[in-house]
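Take a look at the structure set out below.
The values are calculated or read from the model by the stated rules, or taken from the named source; none is laboratory data. Since the structure is predicted, the reported quantities are computational estimates derived from the model, not experimental observations. All Cβ positions, glycine included, derive from the backbone under ideal geometry; neighbour counts span all protein chains shown. What goes into the accessible areas is simple: the full protein's heavy atoms, side chains included, and nothing from ligands, DNA or RNA. Shrake-Rupley method; radii C 1.70, N 1.55, O 1.52, S 1.80 Å.
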Amino acid sequence: MKREEIAERVIKVTARELNQKAEDIKESDRFAYELGADSLKSIELVAAFEEELDLDLDEDEALKVQTVGGAIDFFAKLLPE
Amino acid sequence: MAEYRVLTKAEIAALEQNGCSAESWDAVQVVGNFDPTRVVNSHFSGETLLGAFTEKINVDGIDRACGIYNARLHECVVGDNVLIDRIGSAIINYHIEDNVIIEDVFMLRAESGAQFGAGVRVSVLNEAGGREVILFDDLNAQIAYMQALFRHDEQFQEKLESIILQNVDAAQHAYGVIRRGAAVRNCGSIRNVHIGEDAQVIGAVELSNGTLLSCPEHPSVIGAGATVHNFIIAEGAHVDGGATLENVYVGQATRIGNQFTAENALFFANCEGFNSEVNSIFAGPYSVTHHKSTLLIASLFSFYNAGSGSNQSNHMYKLGPVHQGIFERGSKTGSFSYVLLESHVPAFATIIGKHLTNIDAPNLPFSYFVEKAGVSYLTPAINLFSVGTTRDETKWPARDRRRANNKRDFINFDVFSPYTIEKMRRGRAELLKLYQETPREKNMIVYGGVQVKRLMLRKGAKYYSFAIDRYLIGKVMDRVEQALDADASWDAVKKNLTAADGENVSEWLDISGLLTLKSRIDALLQRVKDGRMASLSDLMAELSAIYESYADDEWRYVAYAFKSEYGMAPADLTPEDFAGLLQKWLNAANSIASLTLDDAEKEFADFARIGFGLGFDEEDRQRDFLAVRGSTETNAVVQKLRRGKDAIQRRAQKMEQKLATLK
């Protein structure tokens, strides 16, 4: 999958799950800080990414992802073009 | 048994010289070496037996001569080296054993035929009655649970009550007893109360109809300002701080104080009750409420922690206060949380907010219940990764304060046990079924009266799988390691993985701290019903045997559940099968450890630093936080979790090496 498509889907899911406007979300935004994801929201967000991209993520690896851009890169590795 | 004699004329004269009088000196008998100079300004009526007062006894650091001073005694037996001084009204109908101190007490009175708290019926769970627990000296958490919760079996209840009433009848006494070494000082009125060995009753306002069990290994205390009516208080319990209790059982090593009030309540071992109010509760072992504004009502708890302002409601203004709550072991309620009864909160759940819906989710342990804008939401399995749960697992056994030789309550501390694992297996199946049945466009579904996010159905199921895999494969791995340490052959492993039959091993009960197979309880019920178990000692012996059988039963359950999960019995595994499962265990254990560590490390994140370094710059804010809270590099819990995570890797590697060198 192309990085642009992954980025679009990651931002769409992030906006929906964290009640943000998609156009306001930047790749540098951290989920736990700028986007206000607490522990519960973080888990729900991972679940939403899994469903959106049809993946079963490794929890340990997923925890290392801190930013929107990091998530896009992480999924890009799992979903090669 | 001491030998008594009548007083000599010289002794009577000496007593009268000391300001003493008697209704009849003929009714006063003494031991051979009785010293009349140790009895001053006192009056005796009824049959009186007095011991030898030859020694001194220490009171508040001062040695005082034993004897009877400034007192009125009616129908009393007084042992050797007792100190009685300044009795406001009288001591009536008490047997006072050796080395007891009684001073500055308004009245101690026992009435013939009193039952001393035995036979009091405590209305737990249902304030309007129907689940009463009868108090008696040897009550424990398990017998109380059977009285309150096994109401479905009328025949069993009749037989159980008959066994209990034998003990209640035996408690009926013609007189009160104050056992050896006890102290009763600075108290108001005490009526029909037995006081146990080495107990300290100091500053109590009013006590009536009760027994204070106590022992030298763990003396009990009723202290400042306590008012307690209709009670049994067990060894090592501590009740003070103006507590007001009525119709209560206070278990071993339980602490109550700071204006706590309780009515119709049972507290078993190691509970704590301060500041709060409780009504009609069954507080199993380790139930804790510390804060003002908390009112716990009509509910069953164990290993429970109440946040400030926790409340439940049992009225609904229909047929009165008839609603009940079940909070399974390990539940926590957050500040100003509210739970509408009836509700059934699963084990190790956390409740946040005000829930105006009836929660009914026993198969989803380790869940969060959060209320937002009046709507209740459930997030399944999330507490599996709470650092609090990890702490609790080690905290409870380390905080078992009971020192009495006879530990009354049978307590299993395991957080992950067949009880919780089987609940998770059922919960997982329910979650996956709901996930498959729910269309993708639907964001939320209703489960057990609360909203669950559709996405969390699958996620919760996955998290339960982690816990199930870690537990089941981990238990098998324990036995593989044990066998390989003794003999590096797979035959030895297979032998160690055999299990007795797997019949009736999937149903488990938590009998207020005692985890056991339902089939064992069914058998116990049957034996009580058909009269094979007809005494309290039979019942206690059976409960003890059930408690001791936990390890064997757990292994039988593991073998059964393992086969159900992975398609083969542990004893049928090949080294290759096991190597595959080892990877599954590693993934599960590692995932749980990582998520738990992440939860702990959040305590050191930027948002946790709010309010630090007040008035100073950013650098000082960081320094202030570091000085007060430390860092992930210095925090003991985080370090322990990191070591634990490393240990998981090492254990898996070591096992792989062992498998590679099999004979």
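Please identify the GluC sites (Glu not before Pro) of the range B:57-159 that satisfy two criteria: DSSP loop assignment and at most 16 other Cβ atoms within 10 Å. Which are they? Intermediate results must be reported in sequence, preceding the final value.
Values: sites: B:Glu75, B:Glu97, B:Glu103, B:Glu111, B:Glu127, B:Glu132, B:Glu154, B:Glu158; in loops: B:Glu75, B:Glu97, B:Glu111, B:Glu127.
Sparse-neighbourhood loop GluC sites (Glu not before Pro): B:Glu111.
For the range B:329-447, the calculated P(r) over all alpha carbon pairs, in 5 Å bins from 0 to the bin holding the longest distance, is 2, 10, 18, 20, 17, 15, 9, 5, 2, 1, 1, 0, 0 percent.
Placing a pseudo-label 7 Å from each Cα along the Cα-to-Cβ vector at B:Val375 and B:Asn405 gives an inter-label distance of 6.1 nm.
Not counting the cut sites, what is the longest span of chain B without chymotrypsin sites (Phe, Trp or Tyr not before Pro) that DSSP labels loop and that have at most 12 other Cβ atoms within 10 Å?
Details: sites that count: B:Tyr317, B:Phe616.
It works out to B:1-316.
If you keep only loop residues by DSSP, which GluC sites (Glu not before Pro) in the range B:435-513 have at most 10 other Cβ atoms within 10 Å of their Cβ? Mind showing how you got there, number by number?
Values: sites: B:Glu437, B:Glu441, B:Glu481, B:Glu503, B:Glu507; in loops: B:Glu441, B:Glu503, B:Glu507.
Here the GluC sites (Glu not before Pro) that fit, given the DSSP loop and packing criteria, are B:Glu441, B:Glu503.
Using heavy atoms of the protein chains and a probe of 1.4 Å, the accessible area assigned to B:His43 is about 40 Å². Taking the convex hull of the alpha carbon positions in chain B and averaging its projected area over all directions gives 37.9 nm².
Amide H to amide H, with H built 1.01 Å from N, B:Asn412 comes under 5 Å of B:Leu514, B:Leu515, counting only residues 5 or more places away or on other chains.
Close amide H partners of B:Ala90, meaning residues 5 or more places away or on another chain with modelled amide H under 5 Å apart, are B:Leu108.
For chain A, the solvent-accessible area with a 1.4 angstrom probe is 53 square angstrom per residue.
Listed cross-link partners A:Lys41/B:Lys423; B:Lys292/B:Lys453; B:Lys495/B:Lys658; B:Lys354/B:Lys518 are compared with a 27 Å cut-off, the Cα-Cα value being larger for B:Lys292/B:Lys453; B:Lys354/B:Lys518.
The range B:561-637 and the range B:280-334 have their alpha-carbon centroids 31 Å apart.
What separates the Cα centres of the range B:401-448 and the range A:44-72 is a distance of 26 Å.
B:Thr357 contributes an accessible area of around 40 Å² to the protein surface, as traced by a 1.4 Å probe with all chains present.
With the charge dipole of chain B set up from +1 on Lys and Arg Cβ and -1 on Asp and Glu Cβ about the Cα centre, the Cα lying farthest toward the positive end among the listed residues B:Pro36, B:Thr211, B:Val452 is that of B:Val452. Charged side chains reduced to their Cβ positions (Lys and Arg at +1, Asp and Glu at -1) give the protein assembly as shown a dipole of some 860 debye around its Cα centre.
For every helix of n ≥ 4 consecutive DSSP H residues, a contribution of -39,500 (n - 2.57) applies; sum these over chain B, divide by its total residues, and give [θ] at 222 nm rounded to the nearest 500 deg cm²/dmol. Mind dumping the intermediate values first?
On the way: 13 runs with 213 residues, N = 663.
Taken over chain B, the calculation gives -10500 deg cm²/dmol.
Within the range B:419-458, what whole-number % of the accessible surface is contributed by carbon and sulfur, with the 1.4 Å probe and all protein chains included in the calculation? Present the calculation step by step, with values, prior to reporting the outcome.
Details: 950 of 1880 Å².
So the carbon and sulfur contribution to the accessible surface is 50 percent.
If you average the alpha carbon positions of the range B:127-206 and of the range B:39-62, how far apart do those two centres end up, in angstrom? A separation of 30 Å, based on Cα centres. Shown here are the Rg and Dmax of the Cα trace of the protein assembly as shown, at 31.7, 115 Å. Take every Cα pair under 8 Å whose residues are at least 6 apart in sequence, average their separation, divide by the length of chain B, and the relative contact order is 7 percent. Heavy-atom accessible surface of chain B, averaged per residue, reaches 40 Å², computed with a 1.4 Å probe.
Simple rule: put +1 on each Lys or Arg Cβ and -1 on each Asp or Glu Cβ in the protein assembly as shown, find the dipole, and look at B:Val120, B:Asn314, B:Asn99; the Cα lying farthest toward the positive end is B:Asn314. Residues of the range A:50-76 whose accessible area, computed with a 1.4 Å probe over protein heavy atoms, drops by at least 40 Å² once all protein chains are present relative to their chain alone are A:Glu51, A:Glu59, A:Asp60, A:Leu63.
How many partner chain Cβ atoms sit within 10 Å of a residue's Cβ in peptide A:39-45, on average, as a whole number? List each step's numbers first, then the result.
Details: counts 9, 7, 0, 2, 11, 6, 1.
If you average over the peptide's residues, the count of other-chain Cβ atoms is 5.
Any idea of the total accessible area buried by the B-A contact, 1.4 Å probe, rounded to 100 Å²? Walk me through the numbers on the way to the answer.
Working: alone 27490 and 5270 Å², together 30800 Å².
Answer for the B-A pair: about 2000 Å² buried.
At a temperature of 25 °C and a viscosity of 0.890 mPa s, determine how fast the range B:1-109 diffuses translationally according to Stokes-Einstein, using the Kirkwood radius over alpha-carbon pairs as Rh; express D in µm²/s, rounded to the nearest whole number. Each step should come with its number before you reach the end.
Details: Rh = 13.5 Å.
Approximately 182 µm²/s, per Stokes-Einstein.
Buried on complex formation within the range B:445-461 (loss of at least 30 square angstrom of accessible surface versus the isolated chain, 1.4 Å probe, ligands and nucleic acids ignored): B:Lys453, B:Leu455, B:Met456, B:Arg458, B:Lys459. Ligands, DNA and RNA excluded, the heavy atoms of B:Lys518 present near 80 Å² of accessible surface to a 1.4 Å solvent probe.
Apolar share of the accessible surface for the range B:217-338: 52 percent from carbon plus sulfur atoms, 1.4 Å probe. Per atom type, the range B:505-571 shows carbon and sulfur on 48% of its accessible surface, probed at 1.4 Å. Amide H contacts of B:Ile511: B:Thr516, each under 5 Å away and 5 or more positions distant or on a separate chain (H built 1.01 Å from N in the peptide plane; Pro and chain starts excluded). What the Cα atoms of chain A give is an Rg and a Dmax of 11.3, 32 Å. The mean of 1/r over all distinct Cα pairs in the range B:575-660, once inverted, gives the Kirkwood hydrodynamic radius of 15.2 Å.
The alpha-carbon of B:Lys395 sits under 12 angstrom from the alpha-carbons of these aspartates and glutamates, leaving out residues fewer than 8 places away in its chain: B:Asp414.
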